[in-house]
Amino acid sequence: MPQTVDVVIVGGGVLGLATARAVLRAQPRASVTVLEKEDRWGAHQSGHNSNVIHSGLYYRPGSLKARLARAGGEAMIRYCEQHGVPVERTGKIVVATAENQLPRLELLAERGRANGVTVRRLGRGEIAEREPHVAGVAALSVAETAMTDFGQVCRALATELTELGATLRTGAPALGIGVTGETTVVSTPGEEIHARVLVNCAGLHSDEIARAAGDRPTVRIMPFRGEYTEIRPGRRDVVSNPVYPVPDPDLPFLGVHVTPMLDGGVHVGPNAVPAFAREGYRWRDVDRRLLARLLRDPALRGLTRRYWRYGVAEMSRSLFWPLYVREVRKLVPSLEGRDLRRHGSGVRAQAVTDTGELVDDFVIDHTPRAIHVLNAPSPAATSSLHIGAHIAADVFSHLGDEDLARAVRDSAAA
Ligand SMILES: Cc1cc2nc3c(=O)[nH]c(=O)nc-3n(C[C@H](O)[C@H](O)[C@H](O)COP(=O)(O)OP(=O)(O)OC[C@H]3O[C@@H](n4cnc5c(N)ncnc54)[C@H](O)[C@@H]3O)c2cc1C
């Protein structure tokens, strides 16, 4: 008779690991198994992102994102400091490059203040003092932004989880999910794991895992690649801290930013172009089955109708270098094409509704036996410790321990 664990978590990105940590810190006797299909932790979104600990500036006040970003960011900075993960409070500026962006900049300042972020308006002179190579008519200075390395955060979490007694498996894809009696059975190549609760943190595959578990996810995942370039050595002094353009409130993840990394590199990006495979890091990565399914899906037609202008602009800049360079030069006019080189990409697991709307807020679906994290876009890495606590509270509710669920929820909110 196989042993039944309390919780099996599918996905060893920052959210799966943070959830396991929150469960075990609240209940050290809980049995928790984390399954990761790759041979390392944080192999996909958590290891391919901008490494920014966000301040909570952009998000609609009251949304789950807004609530979890501010507190989650501070918790992440403390975590890094305590676990030897590099972290630096750099702050950032958001720059309006034209007069017609000023109303949006003002709106952003209001949002930030409503979310408890320290924002200060900068005029041309102050922009020039702080970032002499950046062109702007006005800017917001945001104090709380920090830089880290979320790949290292994942490795630190895995080390801590070993000490907390979790069972950690890399190279262990969840291949099949079934139900026997009261338990969910997850099959991996080496073993079958029976669990009282399944937590699906499978990122780009989370809708597939939900369907495999016999549930109907409320959204589908569409992969969107974010491509980066980096500034060649010798020109890296063009910015000293992260510099962002004013975002479109409907699509806040659009707009390349210039970000000095803690390892000395300076990244420009990411853009947002459709990926033709869930882990489609390059244009030539094509999953024909996924593509065929998407092309039949009415959501894609809705998405295209709504966002085609943005899509065409982003794809053009991805495929035609001069257009890309022109966009970057709006923010840093002294940069030339030869100062930049391509530098990898990350793929966002973007949830899309039946009618083709991009879902902005976090989405966590519940069924009697499972918790499915179906949308965890940026700033989910920033907020991961708090999101993990939020999910852990739900785990305890599923396990019938409402007192512990309440205690975990309260301590995450404190
Ligand atoms: C380009 C880009 C830039 C970003 N920048 C930032 C930023 O600066 N700051 C920020 O806070 N957030 C940022 N984000 C968002 C952030 O990276 C994600 O919100 C976060 O990493 C999500 O973590 P996750 O654990 O849900 O997903 P992932 O890290 O993708 O983890 C999911 C894991 O599940 C595993 N998996 C999938 N299927 C299976 C299976 N069947 N069996 C076992 N394992 C499976 C995968 O291999 C993967 O490791 C960015 C994202 C991208 C793509």
Quiz item: Where residues in region 132-156 are part of a loop (DSSP other than H, G, I, E, B) and open to solvent by less than 10 Å² (accessible area, probe 1.4 Å), which of them is nearest to Arg329 (Cα to Cα)?
Solution: Thr145
Quiz item: When you look at Ala292, is it surrounded by fewer than 12 Cβ atoms within 10 Å (Cβ to Cβ) and of a type in the set (Gly, Ala, Ser), yes or no?
Solution: yes
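Can you confirm whether region 114-126 contains a residue that is at pLDDT 95 or above, among the aliphatic types (A, V, I, L, M) and open to solvent by 10 Å² or more (accessible area, probe 1.4 Å)? First the steps, then the outcome.
Step one: of region 114-126, the residues at pLDDT 95 or above are 119-126.
Now restrict to residues that are among the aliphatic types (A, V, I, L, M): 119, 122.
Narrowing the set further to residues that are open to solvent by 10 Å² or more (accessible area, probe 1.4 Å) leaves 119.
Within region 114-126 (the criterion being at pLDDT 95 or above, among the aliphatic types (A, V, I, L, M) and open to solvent by 10 Å² or more (accessible area, probe 1.4 Å)), the answer is yes, since at least one residue qualifies.
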Exercise. Give Ala75, Ala71, Ala66, Ala30 a once-over and let me know the one that is in a helix (DSSP H, G or I), away from the ligand (no atom under 13 Å from the Cβ) and surrounded by 19 or more Cβ atoms within 10 Å (Cβ to Cβ).
Key: Ala66
Exercise. Would you confirm whether any residue within region 365-376 is more than 10 Å from the ligand (Cβ to nearest atom) and free of Cβ contacts under 8 Å to residues at least 40 places away in the same chain?
Key: yes
Self-check item: Test: Val52 is surrounded by fewer than 21 Cβ atoms within 10 Å (Cβ to Cβ) and either in contact (Cβ under 8 Å) with a residue 24 or more places away in the chain or within 14 Å of the ligand (Cβ to nearest atom) (or both)
Solution: no
Quiz item: Quick one: which of Gly12, Gly47, Gly16 is surrounded by fewer than 24 Cβ atoms within 10 Å (Cβ to Cβ), under 21 Å from the mean Cα position of the chain (by Cα) and at negative phi?
Solution: Gly47
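The values are calculated or read from the model by the stated rules, or taken from the named source; none is laboratory data. Since the structure is predicted, the reported quantities are computational estimates derived from the model, not experimental observations. Glycine gets a Cβ as well: all are built from the backbone with ideal geometry, and neighbour counts include every protein chain shown. For the accessible areas, the whole protein counts, side chains as well, though only heavy atoms, and no ligand, DNA or RNA atoms are used. Shrake-Rupley method; radii C 1.70, N 1.55, O 1.52, S 1.80 Å.
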